[in-house]
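Colleague: This is the structure, below, for whatever I ask next.
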Amino acid sequence: MSATAADTAGTAPREESTPRLMERLGDRLNPLVVKEVRQGLRSRVFWVSFGLMLLACFIISLVAYVSALDDGLSTLGRGVFFSFFFCLGLVHFFIIPYGAYRSLAREREDETWVLLVLTGLGPRRILRGKVASYLVQAALYASAVGPFLLFSYYLNGIDLPTILLILALGGSWLVFLTVVAVCAATLAEGRLGRAFLHFLLLGVLLMALAYGLTSAFVLGEQGYRFLIREKDLLSFAGFFLWAMLTYGWLLFETAAARLSLPTENYSRGPRLAFTLQMLLSGLLLVVLWMAKDPRTSLASVASILGSFNLAVVGIFVATDMDGQARALREGTRPWSFLRPGALRGFRLVVLLLLFWTALCTGLFLLSEPMFGNMTDSYFLQVLAAPAYALLFLSLPLLVGRLPRSDRLASPAVVRVLFFSMAGLAGSVPPLLSVLLDRHVDDPLLNLLNPFVGLANFGDYDYSLNEPTMNVGLLACVWLVAALCAFATDRALVERERRAHAS
């Protein structure tokens, strides 16, 4: 009896540990993934597309088998692989992202989003569940086409590393498009806006499908060694992967913030993602600078691309609502840039812009002997790009937030002002130059032109052996940009004070 009791006492904890482990795993697993996968597998769209894809792959394999018997196996595998990948790409690059968009859009249209929120999952876990469920469905499609893709390898004409590279890049493209589609479903509020966004997303997915299939065709024809031989193309592929990773994360956090409550610290996720994007991009820039020549041109290109990114993404960060909820005010400090509020968003973007300017300037000066030539055209362009970014980031905020009209200060209006002012500043000065019978790229008339002016700062007059622009003109652009930024900061402080007082 005692031995039996001891054995029972020894095995009982082991028997209880297994259910507890399963319960913990069940709690960690997003229940929305299970719900969406079950619902997707029961849908007619899944089975129709799955059946048609398998039927198309079966017909292609029969045609390939007959062709191999007649013509041999010279380079047949290359075309057969692309045919199979074309069937998979139609599903991965169009049907899966569009289905993810419709799933979340339907939740908001039918007003069942509130029921999901009441489950306690939170916007971030709900979005993560939506994305993960459609990626599971995409994996089911890929597992069905996988044997056919492997079959193309045995037909010669394409090697295994090329197949794996195309599948890896295609998988990254699939994840990015799915995240973009889910985030797009959170943008529009009204019926008209949703209809416009729906057709816009269809156009974007069609272009993404064409791009994905074209890239797969080129890589399949050239092989993976083509990327190794072409260093510039390899750098572009790495940059594209980096952009998909960082912008995908940024879009996901932005969508979660849009679905959060105003009393939550909703801005922390997207602003943290934006900050880490720029910091990690700076680290990547340093690594490329140490390995690439010429270094001066790299610093100039990095300054232009980084300033453009900061201006475009920054206008969305800085057009937050004025002030913040009462529950968040106590813990807010002057350095709390990740908390809600247009003022803190604007200051965060300006701080990141100054960081990027200092980094590109330092790399340029280290690239030249004797710490660089201060009148070099590349150096002027390195410093001019962030000045234009600061100017056109501050100007629409200043125009929109100075009046007391809340309608003019709405995020949508300020963003429209941003793109409108940049377009007018880029088109009006060249038109005036033509009317005044001057050169289209006249330096003075285009001094505040973010496109022609920036090109002028990078231009070099070989007849005079000096840059077209000079340090004095650069100082004028920086002075105007700094004054606009200071006035914008004061206007945002005043609007936040009025928002808290009301």
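The values are calculated or read from the model by the stated rules, or taken from the named source; none is laboratory data. Everything numeric here is computed off the predicted structure, so don't read it as measured data. Glycine also receives a Cβ, built like all others from the backbone with ideal geometry; neighbour counts cover every protein chain displayed. Remember, those area values only see protein heavy atoms, side chains included, never the ligands or the DNA or RNA. Shrake-Rupley method; radii C 1.70, N 1.55, O 1.52, S 1.80 Å.
Colleague: Can you give the Kirkwood hydrodynamic radius of the range 410-482 from its Cα pairs, in Å with one decimal? Before the final figure, lay out each step's value.
Modeller: Details: mean 1/r = 0.0745 Å⁻¹.
Roughly 13.4 Å, rounded to one decimal.
Colleague: Moving to a separate point now. Quote the relative contact order of the range 247-321 in percent (integer), defining contacts as alpha-carbon pairs under 8 Å separated by 6+ residues.
Modeller: The value is 21 percent.
Colleague: Still on this structure, I have one more. Out of every Cα pair in the range 38-109, what percent are spaced more than 16 Å from each other? Working shown, then result.
Modeller: Working: 1505 of 2556 pairs.
That tail contains 59 percent of the Cα-Cα pairs.
Colleague: Highest first, please rank the peptides 88-96, 201-209, 252-260 by the mean number of other Cβ atoms sitting within 10 Å of their residues. Could you put the intermediate results ahead of the total?
Modeller: On the way: 88-96: 22.4, 201-209: 15.6, 252-260: 20.9.
Most protected by this proxy first, the peptides run 88-96, 252-260, 201-209.
Colleague: Further, regarding this structure: May I ask for the equivalent-ellipsoid semi-axes of the range 115-171, computed as the square root of five times each C-alpha gyration tensor eigenvalue and listed largest first in whole Å? Write out the running numbers ahead of the final one.
Modeller: Numbers: eigenvalues 277, 25, 4 Å².
Those come to 37, 11, 5 Å.
Colleague: Taking all protein chains in place and a 1.4 Å probe, what share, in percent, of the accessible surface of the range 259-360 do carbon and sulfur account for?
Modeller: On the way: 3280 of 4590 Å².
Its accessible area is 72 percent carbon and sulfur atoms.
Colleague: With a cap of 12 neighbouring Cβ atoms within 10 Å, and only residues DSSP puts in a loop, list the chymotrypsin sites (Phe, Trp or Tyr not before Pro) found in the range 312-351.
Modeller: On the way: sites: 316, 335, 337, 346; in loops: 335, 337.
Those satisfying the criteria are 335.
Colleague: Ok, one more. No solvent, one uniform scatterer per C-alpha: report log10 I(q)/I(0) for the range 178-327 via the Debye equation at q = 0.11, 0.12, 0.18, 0.22 1/Å, two decimals.
Modeller: -0.61, -0.71, -1.25, -1.42
Colleague: Another question, if that's okay. Using only alpha carbons, build the gyration tensor for the range 173-216 and give me the equivalent ellipsoid semi-axes, biggest first, whole Å.
Modeller: Ellipsoid semi-axes (Å, largest first): 23, 12, 4.
Colleague: Just the number: Rg to Rh for the range 142-264, Cα atoms, Kirkwood Rh, two decimals.
Modeller: Details: Rg = 18.2 Å, Rh = 16.8 Å.
That ratio equals 1.08.
Colleague: From the Cα trace of the range 247-393, what convex hull volume per residue do you get, rounded to a whole Å³? Please list the in-between numbers first.
Modeller: On the way: hull volume 15.4 nm³, N = 147.
It comes to 105 Å³ per residue, whole-number rounded.
Colleague: Further, regarding this structure: Got a sec to turn the phi values of the range 338-350 into Karplus ³J(HN,Hα) couplings, 6.51 cos²θ - 1.76 cosθ + 1.60 with θ = phi - 60°, whole Hz, x for Gly and Pro?
Modeller: Each residue's phi maps through the Karplus curve to give 8, 8, x, x, 5, 4, 5, x, 5, 5, 5, 5, 5 Hz.
Colleague: May I pose another question? Considering amide H positions built from the backbone, and no H for Pro or chain starts, which residues 5 or more places from residue 460, or on another chain, come under 5 Å of its amide H?
Modeller: 468
Colleague: I need the fraction of alpha carbon pairs in the range 233-273 separated by more than 16 Å, rounded to a whole percent. Before the final figure, lay out each step's value.
Modeller: Values: 366 of 820 pairs.
Here the long-distance tail beyond 16 Å is 45 percent of all Cα pairs in the range 233-273.
Colleague: Just flag the trypsin sites (Lys or Arg not before Pro) in the range 33-63 sitting in loop per DSSP whose Cβ has no more than 13 other Cβ atoms within 10 Å. Mind showing how you got there, number by number?
Modeller: Working: sites: 35, 38, 42, 44; in loops: 42.
Answer in residue order: 42.
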